[in-house]
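These notes are about the structure you will find just below.
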Amino acid sequence: MRQTAKMNAMRSGLVVVGALAFGYLTLHLGFKPFLENAQRTMDLELELEHKKSQQQQQPPFDFPDSSSIVRD
């Protein structure tokens, strides 16, 4: 009797794990286009933010180099 209860518990656990895996795959495949689009949008936003921060770090004007200064 204990063997039967143990086997039923193991079978139930296996069914639950299988159902969770199937549900995960279903959601992942169902929302794949949305997830890819969201990832692409986030990548573009990070790239724009990075470019914006680099532009803010640069001085608004360039100082001439010493080699470009013409001396009389």
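Points worth noting:
- Order of exposure, largest accessible area first, which applies to THR4, THR41 with probe 1.4 Å: THR4, THR41
- Phi-based couplings in Hz for region 28-39 (Karplus 6.51, -1.76, 1.60; Gly and Pro marked x): 5, 6, x, 9, 4, x, 5, 5, 5, 5, 5, 5
- Accessible area (Å², per residue) of region 1-48, counting only protein heavy atoms and a probe of 1.4 Å: 97
- Inter-label distance, SER53 to GLN39: 2.2 nm, where each label sits 7 Å from its Cα along the C-beta direction.
- Gain on full stretching of the segment that runs from TYR24 to ALA5 - 0.36 nm per residue minus C-alpha separation: 4.0 nm
The values are calculated or read from the model by the stated rules, or taken from the named source; none is laboratory data. Note that the structure is a prediction, hence the values are computed from the model and not measured. Neighbour counts are summed over all protein chains in view; Cβ atoms, including those assigned to glycine, are modelled from backbone coordinates with ideal geometry. Accessible surface areas use protein heavy atoms only, side chains included; no ligands, DNA or RNA. Shrake-Rupley method; radii C 1.70, N 1.55, O 1.52, S 1.80 Å.
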